[in-house]
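Read the structure below first, then the notes.
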Amino acid sequence: MRKAVVTLPQGVRVSPSSANGLAACSSAQIALDSRAQPTCPTASKVGSLTIETPLLREPLDGAVYLAAPFDNPFDSLIAIYLVARGPGFVVKLPGHVSPDASKGGQLTATFDDQPQVPFSNLHLEFDGGPRAPIVLPKKCGTYTTHAEMTGWNGRTVASDSSFSVSEGCSGGFRPGFDAGTQNPVAGESSSFRLRLTREDSDEELKALSIHTPRGMTGRIADVDLCGELDARNGTCRESARVGSVTVGAGAGTNPFYISSCWAYLTDSYRGCDFGLSIVVPAIAGPFDLGVVVVRSSVCVDKHTAELTVTSDELPSQLQGIPLDVKDVRVNIDRAGFFLNPTSCEEKTITGVIESLAGSKANVSSRFEVGDCAALPLRPRMSLVVGGRRSTQRGRTTPLTATLRQGPGQAGLSRVRVTLPTTINARLTVINDACTRAEFEAAKCEDARTGTATAKTPLLDDPLRGGVYFVRNGHPLPDLFVALRGQVDFDLIGRITIPGSKHLRTSFNAVPDVPVSSFTLRLNGGRRGSVGNAANLCSRRGRSARAELSFTGQNGKQVDIRQRLTVRGCRARGGRRGRGRRSRRRGSR
């Protein structure tokens, strides 16, 4: 026989699990062009060999060795050597193995230009067990191996051989999922861990989307975000790294694990606020398949600050070798980056996992932090009204509310501000509110009534934006605060007039994120939305107090009667004052 071409059935493929402890035989070690005994390492042996020939009484025994990638006669990724030893001689036969990427890694082995020596039987047996180099198809059925053998006389003979797979067949998609923080203490920094697994019988992984509950946040300000070009090429700087990833690939009980994989935080990706670039060096045993980069988008919900992380499609094969990914572990462990919620309510981390076959599995993992009661709640708010020519009864007045919180406190969940009867609403302005659809389409400038600024230690720069009246299904329009910056966030306050006396704004869905300061400024002047029901510089105006109510994410509540600071009152000498002098005069 001069040439043999053997094509294994589609579905029979190389198993990444075989890379555990695997070595390869170099061209120098096999020494094909010499009579020297090969010195292939024991770890490169992948099977056994027996040759029966009429030239010898006893069969020849030998082994099958994996050739070093691209250091073999074929300059190919996969090649093998058949080595058999006889009395006083050694047989060394090279074979080329070609995986067809278009057919799921279908394998074809070719042995060409073989010596003109007769044999009656050639038996190859590849190793089995958890490190077997070849894995069977996933689906039950009958599979046929096709061989074409050509003799030195030019004649070609085709032969088929079939086998059946009847156990352990693929059936559905039930991936395992677990996620949470390593140190679940309220408000504390902790690494975040996620693990995704599947069994051999499950369909292969394609993509995943993870949704975190309120309060799970990250300090973006501490990270040097990776740009698009570096993120795409897997060349992000160390200052952008936020965690590590471990990937297990291959069939059986002992998949091959690659642990030197890194996760980097990137600029916006696929229309989301941020992204992830996960860089996986695909090195398995003697095989170096290059660097794999998997991108993910990170969207921040603009009403709840919840995170949704959605991956691109995971690679299913590299250079024709199916990966059979069955274990993915993500560890966001950058020091001080990930923060726990300050609410101890039971939460759920949810996700959707998609398979290559198109199946989708909804997964979830229970999550809860403790020690919320230990967090203090000490918010401080100042309210400033008045200004030049804005203190008289019947005039509109600017109003500035500034909320501050120190570090280490519970986040706020609800804030309610009830203004005194000295301040009322200008309904003609409020009734000019835009619709919710107009607000979402950024066509609400005519209903703009002020500005707002929020500072958080999580972001590099403050969030800034306009304040608008928006009709939102309530008797009075709601107050929409459109904060824009590294992330976009809409804070919604409901306006009511309890007892037809007091103007009240309630923010009932404040996100569980640390905020060092928040300032809301309502305009005065012709388009001012609040006015003076009394002279602000009078005794009544100066002594008026607002009722403030703060509820923490940990359930604590703080109620404060806060005196308004009045600007624009005349001080002694006819000057308009601010601060103590004007307050003293107003009290006389």
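Sort through Thr108, Thr39 and tell me the only one that's closer than 25 Å to Arg131 by Cβ, at pLDDT 95 or above, hydroxyl-bearing (Ser, Thr, Tyr) and part of a strand (DSSP E or B). Answer to the selection: Thr108. Under the condition of being polar (S, T, N, Q), out of contact with any Phe, Trp or Tyr (no Cβ under 9 Å at 6 or more places or on another chain) and closer than 18 Å to Gly275 by Cβ, the residues counted in segment 292-328 number 3. Screening Gly88 on (1) within 20 Å of Ala68 (Cα to Cα); (2) surrounded by fewer than 11 Cβ atoms within 10 Å (Cβ to Cβ) shows it passes everything except condition (1).
I'd like the residue in segment 526-547 that is of a type in the set (S, T, N, Q) and closer than 22 Å to Ile495 by Cβ and, out of all such residues, is modelled with the highest pLDDT. Write out each step before concluding.
The first filter runs over segment 526-547 and keeps only residues of a type in the set (S, T, N, Q), leaving 529, 532, 535, 538, 543.
Narrowing further to those that are closer than 22 Å to Ile495 by Cβ: 529, 532.
Numbers: Ser529: 88, Asn532: 92.
Within segment 526-547, the match that is modelled with the highest pLDDT is Asn532.
State the number of residues belonging to segment 258-297 that are in a loop (DSSP other than H, G, I, E, B) and charged (D, E, K, R).
To start, the set of residues in segment 258-297 that are in a loop (DSSP other than H, G, I, E, B) comprises 267-268, 270-271, 273, 285-286.
Applying the additional criterion that residues be charged (D, E, K, R) yields 267, 270, 273.
Looking only at that region, the number is 3.
Only residues that are in a strand (DSSP E or B), closer than 30 Å to Leu377 by Cβ and not aliphatic (A, V, I, L, M) were counted across segment 531-562, and they come to 10. Counting only residues that are closer than 27 Å to Lys302 by Cβ, surrounded by 22 or more Cβ atoms within 10 Å (Cβ to Cβ) and of a type in the set (Gly, Ala, Ser), segment 531-557 holds 1 of them.
If you check Arg504, Arg414, Arg484 for being of a type in the set (Lys, Arg) and within 26 Å of Arg542 (Cβ to Cβ), only one passes: Arg504.
The values are calculated or read from the model by the stated rules, or taken from the named source; none is laboratory data. Keep in mind that this is a model prediction, so the values were computed, not measured. No Cβ is skipped: glycine too gets one built from the backbone with ideal geometry, and neighbour counts run over all protein chains shown.
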